[in-house]
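What follows draws every value from the coordinates through simple rules; no lab data is involved. Worth saying up front: this structure is predicted, and the values here are computed from it rather than measured. Here Cβ is always computed from backbone atoms with ideal geometry, including for glycine, and neighbour counts include all displayed protein chains.
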Amino acid sequence: MDTEKAPAVDVEAAGESKGGAEAFTKVKSKKKNQKRKREQDGVDMDTEESVAIKRPQFPPISGDKLRGPDEMRKIPVPAHRYTPLKENWLKIFTPIVENLQLQVRFNLKTRNVEIKTCKETQEISALTKAADFVKAFILGFQVEDAMALIRLDELFLESFDAFCDHLSRAIGRIAGKGGKTKFTIENVTKTRIVLAETKIHILGSFQNIKMARTAICNLILGNPPSKVYGNIRAVASRTAERF
């Protein structure tokens, strides 16, 4: 009995194995290949659509949409600059209101110069220019020199601390007799320098500020003025040749 049943079981198992093998080979040969072809076609279509999306063309935006809510800047005024600010208020008020089309006032309670944008303001960087202009005047620059921050875009204001053990000697070396050394550095480097206690403020372009600051540091460290003049003039002549 056992010998008669055994071949039947083997035949059924062989039939199942054959059917399973045939089904497995069919999926491999047709369905998977079709899926791969569809996926490749779909990838190609996606890339074409993505290339088309990466190059949008938008109409230009008007200035009204770029302008956000009104902004305000506050510049604190120390006590020793009240009188100069009062004397030169018209010179400060006129370029801010007429040229930059901003609103400006001096708050007597908080002792701040407040600058605000309005509907007539067209330039986005007008508020920053006006704030730098007022800040430069408060630091000690003349109105005519500080006004260059409004007219030109590549001017900057830099301040650094020159505190040392012999501060009066360092300030004397930087200023020179009758301010001769300071004027020479300003004329050669095309900058403006203000000495205020331990602070030194420089107004000019980035490269000129670097030259003036190097010269001032060399004077503080003890280099003779004649050597500093020669180094400045050599560097200035090189930069002039480049341009």
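The modelled label-to-label distance between ARG169 and GLU98, using points 7 Å beyond Cα along the C-beta direction, is 5.1 nm. Loop-located GluC sites (Glu not before Pro) in segment 144-239 (DSSP state other than H, G, I, E, B) with a sparse environment of at most 16 neighbouring Cβ atoms within 10 Å: GLU154, GLU197. With both labels modelled 7 Å from their Cα along Cα-to-Cβ, the LYS177 to LYS199 distance reads 3.2 nm.
For the pair GLU87 and CYS217, a Förster radius of 35 Å applied to the C-beta separation gives a FRET efficiency near 0.55, rounded to the nearest 0.05. Length gained on full extension, LEU152 to LEU108, computed as 0.36 nm times the residue gap minus the Cα-Cα distance: 12.7 nm.
Of the trypsin sites (Lys or Arg not before Pro) found in segment 109-160, those in coil by DSSP whose Cβ has at most 10 other Cβ atoms within 10 Å are LYS109, LYS119. The relative contact order of segment 184-243 comes to 31 percent, based on Cα pairs under 8 Å that sit 6 or more residues apart. The residue among THR198, PHE183, SER159 whose Cα reaches farthest toward the positive pole of the charge dipole of segment 128-243, with charges on the beta-carbon of Lys, Arg, Asp and Glu, is PHE183. With one equal scatterer per alpha carbon and no solvent term, the Debye-computed log10 I(q)/I(0) for segment 68-152 at 0.17, 0.19 1/Å reads -0.62, -0.78. Over segment 68-152, what is the relative contact order in whole percent, taking alpha-carbon pairs under 8 Å and six or more residues apart? Rounded, it is 32 percent for segment 68-152.
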